[in-house]
Amino acid sequence: MINAFRWAQGSSTFGPKAMYAYRQMLINHEVGHRLGHNHVSCRTPGALAPVMQQQTKSLNIDGIPCRPNPWVHPGS
């Protein structure tokens with residue numbers, strides 16, 4: 001389910017200039033849940049976060065900083 005507040009306000013992880021990318025991530029993330037995927041986290045410092053990471057909450061999981069990413073296969 002997409003949170004109306006987050007849809008309108010965005011997240012500090014993406015910043016105010018990346019609202020469009022943030023909304024793309026929200027939709028792709030929630031579709032991933034509908035397809036049966038669970039949350040995962042980035043395991044490589046500086047890599048793009050997996051779309052199934054809870055990027056709204058943090059891009060730094062277990063001390064591993066990652067970059068925001070709205071797509072399942074970016075650059076494909």
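The values are calculated or read from the model by the stated rules, or taken from the named source; none is laboratory data. Since we're looking at a predicted model, the values are computed, not measured. Protein only, heavy atoms only, side chains kept; ligands, DNA and RNA dropped before computing areas. Shrake-Rupley method; radii C 1.70, N 1.55, O 1.52, S 1.80 Å.
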**Item:** Ellipsoid equivalent to the chain - semi-axes via the Cα gyration tensor, in Å
**Value:** 18, 15, 12
**Message:** Suppose accessible area is computed on protein heavy atoms with a 1.4 Å probe; arrange His73, His37, His29 from highest to lowest.
**Reply:** His73, His37, His29
**Complete:** For the chain, dividing by residue count, accessible area per residue (probe 1.4 Å) in Å² works out to 67
**Message:** Using only the heavy atoms of the protein chains and a 1.4 Å probe, how would Leu59, Leu35, Leu48 rank by accessible area, largest first?
**Reply:** Leu35, Leu48, Leu59
**Request:** Identify which of Asn28, Asn60, Asn38 has the largest mean-square fluctuation in a Gaussian network model of the chain, with springs joining Cα atoms closer than 10 Å.
**Result:** Asn38
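Can you pull the percent of the chain's accessible area that's carbon plus sulfur, 1.4 Å probe, other chains left in place?
Here it works out to 57 percent.
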**Asked** Ignoring ligands and nucleic acids, what accessible area does Val72 show with a 1.4 Å probe (Å², nearest 10)?
**Response** 90
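Kindly sort Ser12, Ser41 by accessible area of their heavy atoms, largest first, with the probe set to 1.4 Å. Could you put the intermediate results ahead of the total?
Details: Ser12 115, Ser41 40 Å².
Sorted descending by solvent-accessible area, the residues read Ser12, Ser41.
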**Message:** Just to verify a number: what accessible area does His33 come out at with the full protein assembly present, 1.4 Å probe, Å² rounded to tens?
**Reply:** 70
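Over the chain, what is the mean sequence separation of C-alpha contacts under 8 Å (at least six apart), divided by residue count, expressed as relative contact order in percent?
30 percent.
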